[in-house]
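The values are calculated or read from the model by the stated rules, or taken from the named source; none is laboratory data. All values reported here derive from a predicted model rather than from experimental measurement. Methodologically, a virtual Cβ is constructed for each residue, glycine included, from the backbone with ideal geometry; neighbour enumeration extends over all protein chains shown.
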Amino acid sequence: MSIKPSRRNFLRPVAAGAAAAAFLPQAKLSAAPPILSITIPKDLPTSLGENPKVGTFEGRGMTGAEIFAKLCKDEDLAALFCCPGNYTVINAIAAAGVPAYGGRSEGSMCAAADGFSRVTGEVTACSGTEGPGFTNMIMNIAAANAARTPLLVLASNMELAGDDREKFIQTGYQQPTTTGMKKYGKRMIDASRVWEYGAYAFRNLKTGIPGPVHLDFPTEVARTRFTDSAKLTDYYTKDKYRTESRAQPTRKEVEQAMDMINKAERPIIVAGQGVFQRKAWDQLKVAAEKNEIAVVTSGPTSGHFPDDHRLSASLAHDALMSADLVVFIGQYAMPGRTEYHFSPDAKTIRVHPVAEDIGRNWPIELGIVGDEKGFLDILASEIPRKKRDAWVAELAASKAKTEKRDLDHYELGLKHSAATNRIHPAVMAKEVHDLLYKGDIDPKQTVTGVGGWTTGIFTGRWLRANRPGQSVACVYQYGAIGPDMAMMIGASAAVQRGIGPQAPYKGAPTLVVTSDAGIAYSMFELDTAAKYKIPIIAVVYNNNSWGMFPAANGSPRSLHMYLFQENLRYDKMAEGLGARGEYVQTPEELRAALKRSYQIAAKENISTLINVQALKEFTDGSKFAPGIALPVEPGAGAFAH
Amino acid sequence: MQWHKNRFYDLVFDAAKHSLRFPVVLPKVPRPMYEAFKEFVAGRQSEEVVAHRRIDPSKVRISCSLKNGNISLLFIAKDRDYEYATQKLINLMHEVFLVFLQDGLYYEYMIETFNLDRDQI
Ligand SMILES: Cc1ncc(C[n+]2csc(CCOP(=O)(O)OP(=O)(O)O)c2C)c(N)n1
Ligand SMILES: [Mg+2]
C-alpha cells in the first residue's frame with residue numbers, strides 16, 4: 001500500500017477530504033464544517049525579511065542582552081535555535097542579524113543547534129526559558145558535550161531578586177545542572193560584566209578543544225541599560241580578548257613523525273574531529289596521497305577524507321588490523337586499545353592540540369602537542385613521495401570484502417522482506433544508499449544523519465561521506481536515542497544557507513534515518529522544517545518497539561515496557577504537521593517513495609516522513625540473520641568514538 | 001592486566017613442550033560456536049590471509065579444544081621462536097574479540113557470558 005502525497009490536501013482549503021476526516025471528531029463530520037488548511041502565517045516572511053538592528057549606546061542605550069547580542073554578531077555566531085523564553089536575549093540576538101529559528105521544544109532546538117555545528121564546525125547557540133525550557137534541553141546538551149560541539153547554551157529570564165524566595169516560576173540553579181556536560185559555564189550576576197563574560201564564552205568556544213558553554217542570564221543582567229561603554233568591564237574587540245594563535249608542533253617533532261611514517265610499511269592516519277574543526281582536509285589529502293598513507297576518519301561528522309578515495313580505510317575493516325603505525329590527528333574522544341580495530345603491535349603517534357589528553361586510554365610512541373592544521377601543513381609540504389602498492393592493494397581487497405558482506409546481508413534482508421511483507425533494515429539501508437550515491441544525485445551532495453539502534457547499526461554502514469561535513473553520527477559517543485531528526489533539521493538549515501563546507505550544495509535536501517523510538521522525541525520539528533522551508537527526508541524504521549526488547553527475555557512482566565502499539569502511522573502524523581507522509585511495506589514501494597520524496601524536497605522544499613514498516617524480530621539474529629553486528633571502529637557506521 | 005571485556009586471562013608457558021596456552025579464551029561456548037571458532041583460527045594460517053598477518057604453519061602449530069564449555073588455545077613454537085609465537089597469539093586473541101565475536105551471531109552470547117549491559121557492549 002502506498003499513500004499518495006497529501007500535503008496539498010492540507011494546503012488547499014478542503015471541505016471534508018479523507019485526510020482531513022482523520023483529524024476531525026466523528027460527530028462533527030456530518031455537519032461537514034470547512035476544514036482549515038495548514039498555512040505558514042504571513043507574519044513569518046515579514047518578520048524574517050526585516051532589517052537587522054544592532055543596538056548602540058546612543059539615546060536610550062543598549063540593554064545587557066543587546067550588548068551580548070552585539071558580541072555574538074561580532075563573533076559570527078552562525079545560528080540560534082530556541083523556543084520562546086529568555087525573550088530579551090533571543091530577541092536581541094535575532095535583531096542583531098544572527099540567523100534565528102524558533103521551534104517546538106527546547107531539547108530539539110538544542111539538538112538542531114548541535115546539528116548545524118556538526119556539519120559546519122561553526123559556533124551555534126540554543127536557548128530556552130530559565131527552568132522548564134532549560135531542563136528540557138539537558139539530554140541534548142550532554143550529547144553536544146560528548147560530541148565536543150562548540151555550542152552556546154543560553155537560558156534564563158528569572159530575577160536575581162527572586163532567588164531563594166520561591167517566587168513563582170522558573171527559578172533553577174542552572175550551573176550545577178550542567179556539571180559534567182560543558183566546557184565552561186557562568187551565571188552572570190553583574191550587568192556591567194556582560195561583555196566580559198561573553199568574551200569568556202567565545203574564548204572557550206573558539207579555542208582549544210571545543211565544547212558547550214553555558215551562560216545563565218538573569219533578567220537584571222539582560223535588561224539593564226547602558227549608555228556608556230565605559231561602564232562595562234573589559235569592553236574591547238575580539239582581537240584583544242582572544243587569539244587565533246595555536247600551539248604549533250616543532251619541525252623536529254614533525255620530522256620524527258615523518259621518520260616513523262617512512263619506516264612503516266602500512267601507516268594509517270585516523271583523521272579525527274580536529275581535522276574537520278580546523279578545516280585541514282586539503283592538507284590531509286595532499287599528505288596522504290604523497291606518501292600513500294591510508295586514512296580513516298573519526299568523530300561525530302565524517303567526510304573530511306572522502307570514503308570513495310582509494311586510500312580511504314572507512315570500509316577497509318579487515319585491513320585496519322594490518323596497520324603497523326597509527327597516527328591519530330585531532331582525536332577528541334579517545335578510545336581504548338580494545339575498542340579500535342588495530343593490532344596490539346601497531347605503533348602510535350598522537351597529534352593533539354592540548355597536552356593533557358595525550359597518553360590517555362591509549363599508550364603512545366610519540367606525542368605531539370600542536371594544531372592539527374599546523375601539523376598537516378608541514379606534513380603535506382615535507383613528506384617525501386612514496387609508493388605503497390601492496391598496502392593500497394590490501395585496502396582495496398579489504399574494502400571489496402566489506403562490500404560483499406554488506407551485499408550478502410542485503411540479500412538476506414530481501415528474503416526476509418519477501419517472506420514477511422515488511423522491510424528488513426538491511427534493505428532499507430541499501431535503498432537509501434542507492435538513491436543517494438548510485439542514481440542521478442551527485443554522491444557528494446546529500447548530507448545524512450543516522451540514529452536508533454537496529455536502525456543505526458544497519459544503516460550507518462551504507463551511508464557515505466565523500467566530502468567534508470556530509471555525514472553525521474547523531475548518536476555519537478553519548479548514545480542518545482531521539483535527537484536525530486531535530487539535529488538534522490539544524491544541519492539542513494546550514495545546508496540551506498550554504499555555510500562553510502555546505503556552500504557547494506546550498507539548498508540541497510538532507511536525509512535522516514531514524515527509528516520509531518527516536519522520532520517520538522523530535523517529530524514535532526517537522527513543523528519547524530515546514531515553517532522555514534527546510535527540506536528533509538526522514539526515513540523512520542518502524543519496528544513497533546524499543547529495539548532493546550530482547551533485554552526483557554526471561555524477565556517476567558517486563559516485555560510490555562519495550563513495546564509500542566503496532567503499525568503506528570508516523571506518516572500520518574507528519575501530514576498533520578504540514579509535511580508529506582509516505583507509508584511503505586515493500587522494497588519497491590520504498591524505492592519509489594524515496595525518489596518521489598527527494599524530488600519534491602529538491603523542487604518544492606517540502607519535507608517527507610517515510611514510515612518504513614518493519615518487525616521487531618528483525619533485530620533478533622537467531623530468527624532473522626544477520627542480527628546485530630556492531631560497527632567496526634573506526635570506519636563507516638562508527639558511533640562510539 | 002585487564003584486557004578484553006575487562007577480564008583477566010591466564011597465559012601458560014611450558015618450556016618443555018615449547019608451548020604457549022590460553023586455558024580459557026572464551027567460556028560457556030556452545031558446540032556450533034566452537035566449530036566456527038576452529039574455522040576462524042584455521043583461517044589465520046591459510047594462504048588467503050595477507051603474509052604479514054598469517055600465522056606461519058611451519059613455525060607454529062595451533063590447536064584448540066572445548067572442555068566444559070571453555071575454549072582453550074595452544075600454540076606450539078616448532079622452531080622455539082617464542083617471540084614470534086607470543087606476538088601471533090596475542091594478535092589472534094585480539095581478533096577473536098574484535099572480529100570473530102563481532103559479526104552479529106554472538107551478540108546475545110556476549111551479553112550473557114560477559115554479563116554486559118546491552119548499551120555497553
Ligand atoms: C534517550 C534514550 N533512552 C534510552 C536509551 C537506551 N537504549 C539504547 S538503544 C534503545 C532502543 C532504541 O530503540 P529504537 O531507537 O527504536 O531502535 P531499533 O528499534 O531500531 O532497534 C534503548 C532503549 C538511550 N540510549 N537513549
Ligand atoms: Mg524501534
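Overview of results
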| item | result |
| --- | --- |
| Flag if A:P363 is in a loop (DSSP other than H, G, I, E, B), out of contact with any Gly (no Cβ under 6 Å at 6 or more places or on another chain), within 14 Å of chain B (Cβ to nearest Cβ) and within 30 Å of A:A247 (Cα to Cα) | yes |
| Residue in region A:552-561 that is among the polar types (S, T, N, Q), modelled with pLDDT of 95 or more and buried (at least 17 other Cβ atoms within 10 Å of the Cβ) present | no |
| Tabulated pairs, region A:443-468, first within 14 Å of another protein chain (Cβ to nearest Cβ) and part of a helix (DSSP H, G or I), second among the basic types (K, R) and within 12 Å of ligand 2 (Cβ to nearest atom), C-beta under 9 angstrom, 6+ apart or interchain | A:T454/A:K616 |
| Members of region A:433-458 that are of a type in the set (A, V, I, L, M, F, W, C) and either within 12 Å of ligand 2 (Cβ to nearest atom) or under 20 Å from B:G104 (Cβ atoms) (or both) | A:V450, A:W453, A:I457, A:F458 |
| A:G554 being within 13 Å of ligand 1 (Cβ to nearest atom) and not aliphatic (A, V, I, L, M) | no |
| Scope region A:113-172; condition closer than 14 Å to A:M487 by Cα, assigned to a helix (DSSP H, G or I) and aliphatic (A, V, I, L, M); matching residues | A:A113, A:M139, A:I141, A:A142, A:A143, A:A144 |
| Failed criterion for B:S65 (all others in (1) surrounded by fewer than 16 Cβ atoms within 10 Å (Cβ to Cβ); (2) closer than 26 Å to A:E265 by Cα; (3) hydroxyl-bearing (S, T, Y) hold) | (2) |
| Only one of A:A493, A:A480, A:A429 that is within 16 Å of ligand 2 (Cβ to nearest atom) and farther than 28 Å from A:T586 by Cα | A:A480 |
| Pairs, first in contact (Cβ under 8 Å) with a residue 12 or more places away in the chain in region A:542-561, second among the aromatic types (F, W, Y) and more than 8 Å from ligand 1 (Cβ to nearest atom), C-beta under 7 Å, six or more apart | A:N542/A:Y570; A:N543/A:F618; A:N544/A:F564; A:S545/A:F564 |
| Single residue of region A:618-630 satisfying the filter (at negative phi and within 9 Å of chain B (Cβ to nearest Cβ)) that is surrounded by the most Cβ atoms within 10 Å (Cβ to Cβ) | A:I628 |
| Single residue of region B:100-112 satisfying the filter (surrounded by 17 or more Cβ atoms within 10 Å (Cβ to Cβ), more than 16 Å from B:C64 (Cβ to Cβ) and in contact (Cβ under 8 Å) with a residue 24 or more places away in the chain) that is nearest to the other protein chains (Cβ to nearest Cβ) | B:L105 |
| Test result for A:S597, under 25 Å from A:S302 (Cα atoms), away from chain B (no Cβ under 12 Å) and in contact with a helix residue (DSSP H, G or I) (Cβ under 6 Å, 6 or more places away or on another chain) | no |
| Single residue of A:L215, A:L232 found to be closer than 25 Å to A:A333 by Cα and in contact with a strand residue (DSSP E or B) (Cβ under 8 Å, 6 or more places away or on another chain) | A:L215 |
| Which listed residue is touching a strand residue (DSSP E or B) at 6+ places or on another chain (Cβ under 6 Å) and buried (at least 21 other Cβ atoms within 10 Å of the Cβ), from A:A530, A:A593 | A:A593 |
| Test set (1) within 14 Å of chain A (Cβ to nearest Cβ); (2) assigned to a loop (DSSP other than H, G, I, E, B); (3) touching a helix residue (DSSP H, G or I) at 6+ places or on another chain (Cβ under 6 Å) - B:F40 fails condition number | (2) |
| Of all residues making up region B:68-99, the number that are small (G, A, S) and either within 12 Å of another protein chain (Cβ to nearest Cβ) or surrounded by fewer than 16 Cβ atoms within 10 Å (Cβ to Cβ) (or both) | 1 |
| Check on A:L615, within 13 Å of ligand 2 (Cβ to nearest atom) and away from every other protein chain (no Cβ under 14 Å) | yes |
| Criterion (closer than 24 Å to A:G102 by Cα, more than 14 Å from every other protein chain (Cβ to nearest Cβ), within 11 Å of ligand 1 (Cβ to nearest atom) and among the hydroxyl-bearing types (S, T, Y)) met by exactly one of A:Y541, A:Y521 | A:Y521 |
| Qualifying position, being in contact (Cβ under 8 Å) with a residue 40 or more places away in the chain, closer than 19 Å to A:A280 by Cβ and out of contact with any helix residue (DSSP H, G or I) (no Cβ under 8 Å at 6 or more places or on another chain), among A:G330, A:G374, A:G370 | A:G374 |
| Strands (runs of 3 or more DSSP E) wholly inside region A:470-558 that include at least 2 residues being more than 19 Å from A:E582 (Cβ to Cβ) and either outside the structural domain of A:A147 (by TED's automatic domain parsing) or under 16 Å from the mean Cα position of the chain (by Cα) (or both) | A:471-473 |
